[in-house]
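First comes the structure, then the notes that go with it.
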Amino acid sequence: MFFKYIVVGAGLSGSVISERIARVLGEAVLVIEKRGHIGGNCYDERNRHGIILHRYGPHLFHTDDEEVFSYLSQFTEWDIYQHRVLALIDGRKVPVPFNFTSMDILFPEALSKRVQEILLNHYEIGIRVPVLDLLNHQNEEVRFVARYVYEKVFLGYTIKQWGKRPEEIDPSVIARVPIVIGKDDRYFHDRYQCVPRYGYTELIRRMLDHPKIKLLLNTDFREIGRLQNGKVYVFDREFHGTLIYTGPIDELFDYCFGPLPYRSLKFDFEELEIPWFQEVATVNYPNDYNFTRITEFKHIHTVESKRTVILKEYPKDYEILKDVPCYPIFTTEARRSYEAYESLLRSFPLIIPLGRLAEYRYYDMDDAVARALRVFREKFHNA
Ligand code: FAD
Ligand code: UDP
């Protein structure tokens, strides 16, 4: 088969763009994936008891993007699932994002009520406010509560997760988990919150199940391709088509501007001979243990089983080519290196970087899908 398009990476980004090229343009696509499975970090699988496990950490789909939701709905039925998280604070499990219920559990009633009243005078009910904003609130009691939340919910967790204090990392990261003005205890507030009925791997398998898509698993692009003088060579022959690259951008260029920093995780799964382990899918441990959170998968995809499986996530430094690059660390230096890679890319007009690793962004799944659909439209469909 002759391929005008090669896609490196069969994660969500690579799979969406491959599906669009095959289905809409009717062109053949070669997808190259270094792992032994599709799905990238969204990969999930059923264990022998029918419990769906997310191999690279808990993945909860949520979006406000109508286009993304209807696009994905072509490949899956959904089960409604609204993620709820508790955090162990001073020996009590309280809702996170921190809300009025959390406040009622942890503070004396009179103080809690006063602070809630002040917040309701300032903000509309349901609004989500970054904790860093409340630290400078004009009211002293609000500042006191915000300081407590900062120290008990964010400080320990962030130091474990990133090896840095909250003020040392990009504010957008902390703002993902705000303080909620009200009692809404859902982790996300998007319009669509659900999980693919048969899992993410099955959803992505259906995307890639097209006669024009050829998938090569267990194949690292670096084994079959190389870049030289603005040209792309595949199997030692010059490639004249389009290469869509969804792997780490620094790796593509042999780290010539230095490695981009990432944080990684060690995933520790435990199968337990009890029907349930905890009250909700995820419990965060900001101040205790070396792991950040425990997720129990049966809460996400319900299944009848006398056993349960939990996952503990241990953050760690990222070792190049050994660990999973989980989270980009947005330092000024990292942004500068990324820009250097971006400008180098301009001398390779046939290469399009796409996705969390190639664009060095903290994309959620819906962001990754939205981005792939946009790139497809802008580069290929309306061109
Ligand atoms: P990836 O999934 O990383 O896929 C890239 C693919 O390229 C991989 O399969 C990789 O093996 C392959 N590849 C790389 N280099 C090469 C090479 N040289 N040759 C061949 N193949 C290569 N999002 C949410 O919306 N909700 C969540 O709850 C959520 N939880 C998350 C939890 C964790 C711990 C992590 C790490 C991410 C989470 N995400 C979540 C984000 C989600 O995983 C990403 O948005 C999504 O996986 C991005 O897809 P991608 O295709 O861009 O990247
Ligand atoms: N965070 C925290 N305490 C919590 C939950 C989150 O300090 O109980 C901070 C932490 O810095 C984390 C960031 O908020 O990295 C984003 O959290 P999120 O749950 O969105 O992370 P992800 O699910 O992407 O790992």
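The values are calculated or read from the model by the stated rules, or taken from the named source; none is laboratory data. On a predicted model such as this, the values are computed, not experimentally measured, just so you know. As a convention, Cβ positions derive from the backbone with ideal geometry for all residues, glycine included, and neighbour counts pool all protein chains shown. Ligands, DNA and RNA are excluded from the accessible area calculation, which covers all protein heavy atoms including side chains. Shrake-Rupley method; radii C 1.70, N 1.55, O 1.52, S 1.80 Å.
At a glance:
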quantity: Residue list for segment 362-380, restricted to those being among the hydroxyl-bearing types (Ser, Thr, Tyr) and either closer than 22 Å to Gly199 by Cβ or open to solvent by less than 30 Å² (accessible area, probe 1.4 Å) (or both); calculated: Tyr363
quantity: Residue that is farthest from ligand 2 (Cβ to nearest atom) [pool: residues in segment 279-311 that are of a type in the set (Ser, Thr, Tyr) and open to solvent by 10 Å² or more (accessible area, probe 1.4 Å)]; calculated: Ser305
quantity: Every residue from segment 151-172 that is closer than 17 Å to Arg293 by Cα, near ligand 2 (Cβ under 7 Å from one of its atoms) and in contact (Cβ under 8 Å) with a residue 40 or more places away in the chain; calculated: Val153, Phe154, Tyr157, Gln161, Trp162
quantity: Residues of segment 312-334 satisfying the condition of being more than 16 Å from ligand 2 (Cβ to nearest atom) and of a type in the set (Val, Ile, Thr); calculated: Ile320, Thr332
quantity: Strands (runs of 3 or more DSSP E) completely within segment 280-383 that count 1 or more residues being in contact with a helix residue (DSSP H, G or I) (Cβ under 8 Å, 6 or more places away or on another chain) and under 28 Å from Asp185 (Cβ atoms); calculated: 282-284, 308-317
quantity: Within segment 166-205, considering residues that are within 16 Å of ligand 1 (Cβ to nearest atom) and part of a helix (DSSP H, G or I), the one most open to solvent (accessible area, probe 1.4 Å); calculated: Arg205
quantity: Odd one out for Leu119 among (1) in contact (Cβ under 8 Å) with a residue 60 or more places away in the chain; (2) open to solvent by 10 Å² or more (accessible area, probe 1.4 Å); (3) away from ligand 1 (no atom under 15 Å from the Cβ); (4) not aromatic (Phe, Trp, Tyr); calculated: (2)
quantity: All positions within segment 265-275 that are in a loop (DSSP other than H, G, I, E, B) and surrounded by 11 or more Cβ atoms within 10 Å (Cβ to Cβ); calculated: Pro275
quantity: Elements of type strands (runs of 3 or more DSSP E) contained in segment 1-111, each with 1 or more residues being crowded, with 17+ Cβ neighbours inside 10 Å and either away from ligand 2 (no atom under 16 Å from the Cβ) or at pLDDT 95 or above (or both); calculated: 5-8, 29-32, 44-46, 52-54, 61-63, 85-89, 92-96
quantity: Answer residue from segment 288-337, given it is touching a Phe, Trp or Tyr at 6+ places or on another chain (Cβ under 8 Å) and of a type in the set (S, T, N, Q) and is nearest to Tyr56 (Cα to Cα) among those; calculated: Thr292
